Amino acid sequence: MAHKDLWLSVLKRIKPTIKKAHFLTWFQDSTIIKNKERSVVVGFPTTYARDWVLAKYNLKIHQALQEIDSSISKIDYEVHSKLSEKNNSDGVDVKGLFAIEDEKKVRKVRNLSEVNVRKGNGHVSSKMLNDKYLLNNFIVGNENRLPHAACSAVASLPGGIYNPLYIYGNSGLGKTHLIQAVGNEILKNYPDKIVKYVTAERFVTEVVDAIGKRFMKKFKDLYRKVDCFLVDDVQFFANKNSTQQEFFHTFNELYDNNKQIIITSDRPPSELEDLGERLKSRFGMGMVIELLFPDFETRLAILQQKCQEFEMIIDPEVLRFVANNVHNNVRELEGVLRQIAAESQLFEKVPTIRSVAEIIKRLNKAQKIIGYDLEANKEYMIVKKASDVMRVVAGYYDLTVDELVGKDRRKEIMLPRQICMYLIKNELGYSYESIGVNFGGRNHTTVMHACNKTASRLRKDLRLVRDINAIKREMGL
Ligand code: ADP
Ligand code: MG
């Protein structure tokens, strides 16, 4: 089997056991680069991906490989930076592994009676809609108040005054979120309504497919039964004449029957090039609203909400820094946060402004960082050995180094001691044994306990997160 095919088989096996988002992040552009003498080498485009996969998925990969070829007994993970080059096609494009699946799902839903599915709790949902997109987890600020309000109005009374509702805005600002949220909400309020969500791209494929397989009549009948028609990214209809026609007919028929139509696009109707004038003017008949990039406060609120979703605590000061340094869209904001989460989990480190600045720089090299000078602070790291950390921690908590190292078990000394051990372990990579030695000959299990305890407190204690962030800043990290 060719290297890449072997790796694909492995990925297909482990895919069901890994969250989609993680899978997409960590396996993108990876591949097997050597398979010789019972030993396999897997290459990754970045150190992060390599370390993460090694730490989290080694066992799964091992098992999968063994199932495919039981003679393989050794796996090594290496970084091959050429895999990250733009035109390199050696690595696997993992999105492709999901494309086939999504396709299958949509095909199953072709019969509209399958579009709405009743769940165990009596809730109706749709296979076409992602139930994480809701109106009440969409953070509202001045820039998106109007589109959000219009969506809420439509959700409570579909086919009312906002019809069709046309929402436009740049990529990553929440159009898909909003349109799908309306679908979910309508199903909640009106369980018997048929909601059809489709991207314009998908609609085009369906039309072409229906023409090819000669079931155009069935296709038309199905679409005419819809009560609420949600069409995402209509700019995609440009230049697709035959499908534009079909869409025009569907649109008119539904509209004439007072069915709700919602449309999104990356531009206003007047700027849709190569789209028939008739269609453009139909789009503009109801309500046309622009979605804008949220302001600082709203971005901060979005970040706070996403932190809750990711179940992690980040110092508000660091969050403000992120909100200040993302200038394009909300998807990017989420991307930065996801990367922060992944790295802080992987390296068990509390994110600081410095570390976040580095992440932003890495994700978007061209970007100017506001509020932190990475270059000027390059060499600024005052912590080199355990005693440096002890000095800073003792200073921060107003203790002497002797107290910190001593035997006093009072809480106000014990906690800083544990924090200090944690930092020496995680920032300087000392072993538990050697930390024990530095703390007056304590046992390594005591040190381990201190580190674990601090790590677990960091998952729920915002004050501690702030303290450690402040301490790390004093240490130049
Ligand atoms: P678009 O379709 O406009 O390209 P999406 O709807 O896919 O954008 O949004 C990108 C991401 O940003 C999604 O994960 C979405 O949940 C999130 N998002 C955008 N705006 C908001 C908001 N106001 N509140 C919460 N999440 C948001
Ligand atoms: Mg979208």
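A few comments on the model shown:
- The length gained on full extension between E375 and R267, counted as 0.36 nm times the residue separation minus their Cα-Cα distance, comes to 35.0 nm.
- Only helices enter this figure: runs of n ≥ 4 DSSP H residues, each worth -39500 (n - 2.57), summed and divided by the residues of the chain, yield -16500 deg cm²/dmol at 222 nm to the nearest 500.
- Degrees, to the nearest 10: 386-396 long Cα axis against longest axis of the chain: 70 degrees
- Surface/4 estimate of mean projected area, convex hull on alpha-carbon atoms of the chain, nm²: 27.9 nm²
- Sequence-separation-based contact order of segment 3-98, relative, with Cα cut under 8 Å and 6+ spacing, percent: 37 percent
- Sites N252 and A153, calculated FRET efficiency, Cβ-Cβ separation with R0 30 Å, nearest 0.05: 0.85
- Its residue count N sets the reference 2.2 N^0.38 Å, and the alpha-carbon radius of gyration of segment 296-381 equals 1.02 times that reference.
- Summarising the label geometry, the points placed 7 Å from Cα in the beta-carbon direction at A99 and V79 lie 3.0 nm from one another.
- Taking 18 Å as the cut-off, the amide N atoms of segment 132-159 that come nearer than this to a point 7 Å along the Cα-to-beta-carbon line of Q304 belong to 136-145.
- Using alpha-carbon coordinates, inclination of helix 3-14 to the longest axis of the chain, degrees: 90 degrees
- Charge tally in the Cβ shell below 11 Å around N426, where Lys, Arg are +1 and Asp, Glu are -1, N426 excluded: +1
- Over 22 Å (Cα to Cα) - which of K4/K36; K74/K425; K385/K472; K36/K74; K220/K240 fall in this group: K74/K425
- On Cα atoms only, tilt of 95-108 relative to the major axis of the chain in degrees: 40 degrees
- Looking at the chain, the DSSP beta bridges with both ends there are about 25 percent antiparallel.
- Label-to-label distance, nm, for residues given as E277 and N324 (7 Å Cα→Cβ offset): 5.2 nm
- Residue separation of L134 and K213 scaled by 0.36 nm, minus their Cα-Cα distance, works out to 24.8 nm of gained length.
- Between R145 and K188, the FRET efficiency estimated from the beta carbon spacing at R0 = 25 angstrom works out to 0.70.
- Gyration tensor verdict on segment 386-475 (Cα atoms; rounded if a/c is under 1.5, prolate if a/b is larger than b/c, oblate otherwise): rounded
- Computed extension gain for D69 through S89, at 0.36 nm per residue and net of the alpha carbon distance, reaches 4.7 nm.
- Across the chain, the mean sequence separation of Cα contacts (distance under 8 Å, 6 or more residues apart), normalised by length, yields a relative contact order of 11 percent.
- Global form of segment 234-320, assessed from the alpha-carbon gyration tensor, a/c cut-off 1.5: prolate
- For segment 318-477: relative contact order, % (alpha-carbon pairs under 8 angstrom, 6 or more apart): 23 percent
- Residues of the chain: accessible area per residue with a 1.4 Å probe, Å²: 50 Å²
- Of all accessible heavy-atom area on the chain, the percent that carbon and sulfur account for (1.4 Å): 50 percent
- Label-point separation, L292 to L428 (7 Å along Cα→Cβ), nm: 5.1 nm
The values are calculated or read from the model by the stated rules, or taken from the named source; none is laboratory data. Note that the coordinates shown come from a computational prediction; the quantities given were computed from them, not determined experimentally. Ideal geometry is used to build each Cβ from the backbone, glycine not excepted, and the neighbour counts take in all protein chains shown. For accessibility, only protein heavy atoms count, side chains too; no ligands or nucleic acids. Shrake-Rupley method; radii C 1.70, N 1.55, O 1.52, S 1.80 Å.
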